[in-house]
1. Which order do peptides 172-182, 476-486 fall in by mean Cβ count within 10 Å, highest first?
2. Would you list 270, 228, 258 from fewest to most Cβ contacts within 10 Å?
3. Which order do 352, 423, 142 fall in if you start with the one that has the fewest other Cβ atoms within 10 Å?
4. With an 8 Å Cα cut-off and a minimum separation of 6 or more residues, compute the relative contact order for the stretch 4-286 in percent.
5. Relative to the present Cα-Cα distance, how much length would full extension add between residue 439 and residue 454 at 0.36 nm per residue of separation?
6. Does anything in the stretch 213-230 have its amide N under 13 Å from the 7 Å Cα→Cβ label point of residue 252, and if so which residues?
7. Would you mind checking the tilt of helix 485-501 against the longest principal axis of the Cα atoms of the chain, expressed as 0 to 90 degrees and rounded to 10?
8. Classify the stretch 290-433 as rounded, prolate or oblate, taking a ≥ b ≥ c as the square roots of the eigenvalues of its Cα gyration tensor: rounded when a/c is under 1.5, otherwise prolate if a/b is larger than b/c and oblate if not.
Ligand code: KIV
Ligand code: ZN
């Protein structure tokens, strides 16, 4: 076993997607998976195949296109889940099945309602079944961080005996403190007699803001796989942020006795793509990928950095993908330059028609905005892909806003092939726009969040709008981008409506798994 290598296991498409509102379409997952492959992550957890037909198809699509990273599906410790994961992974160059069952007293008693002996038996059965399909099997004792150490060690030993090649110890509820979590990893590795037969992995949640610190403490104590997500996306407060783990290990190679295979120059691109697709903005002061991460406001800092950048910078902005000369395309750029540049951003077209349609959109944007940056292209393409197969489409809109008068919006939508028009007044132009759409869609949704951000700088920048809607407990996000923020708002609202009105049969993986 190579102790110098830290395996980066990305779960943006699985745990990241469990974040309320972050659900992604198959096409979006494939786009992200391709970007992750280019980032050179070792393992991509593409989803939970048993969750729904859509999830199964998404895992399958990722398994078909990704060649250089291992593709993994999550499966509860149930025969049917494991068979479904294996089916979705058929044809993958390097498939992995990740099976799990809870081992903490709390989860066993209340969630699973199973005695420990039965949990142990089910874990062994699951690993053995997964091994019938692939020799790359990961086992997670869910809520390991709150499990009793003796029982945890018994389950881990049995899972390795049954054929697990990776043992992942999750801090499912983000409860651990770094030195204690590190100790836990060390203790399990030391106490389990066959621990040298498996790679130890960790999966930390960020409920106390300690996911990255806990993961790094585990690495110091022998973990050689970290499960993480782009931008720290994930259930509740999220998972450990991939970019932070990778850059910590790289920057402090004096402390960490291992290295990753990540192409760090792809980090920013992945961060933007995930933010764009999910509608989860990246806070400006976020480490590595936030807009301010390498900006120096104070004069003293600027002076220092100009004399010698190491005075205030411990990493180089270029190493994670920030560039200074960022204008990439303009009004006069041709189709070839457009196509080549999008390819660098992992955006490819299946047909000539798709390319032509995208090029027309690009030209329309370039007419309004002379300098087109990577961020513009990402936003433009996310917008184009997300509106492609939508049931409700924006046809035209007209908004009148005059001082002293109530703003009024007139909207024409195409709903399932039929054009319909409506007018509404509102307290502001956005309110009027949403009311007019709602009169036509009659969706009964609740608007939870509306936010606008600029894709690039300047008054000619595209506005990127995120809308979060709720209906009967289900939460979705929608995005829209345009140089006109009212059009961007309408697009975002319609995008979210299309998602929330689509039927779903999806199950959450971390529900009870007591029946074989
Ligand atoms: O948080 C968790 O425990 C998980 C497991 C399924 C690995 O996501
Ligand atoms: Zn998790």
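1. Descending mean neighbour count gives 476-486, 172-182.
2. Result, fewest neighbours first: 258, 270, 228.
3. The most exposed by this proxy come first: 352, 423, 142.
4. Working: 649 pairs, mean separation 58.3, N = 283.
RCO, the stretch 4-286: 21 percent.
5. Working: separation 15, 0.36 × 15 = 5.40 nm, distance 2.87 nm.
Result: 2.5 nm gained on full extension.
6. Only 213-221 fall inside the zone, counting backbone N under 13 Å.
7. In the chain, helix 485-501 runs at an angle near 50 degrees to the longest axis.
8. It comes out oblate by the Cα gyration axes.
Read-outs throughout are calculated quantities, based only on the coordinates presented, and are distinct from any laboratory measurement. On a predicted model such as this, the values are computed, not experimentally measured, just so you know. Note that each Cβ is placed from the backbone with ideal geometry, even for glycine, and that neighbours are counted across all protein chains shown.
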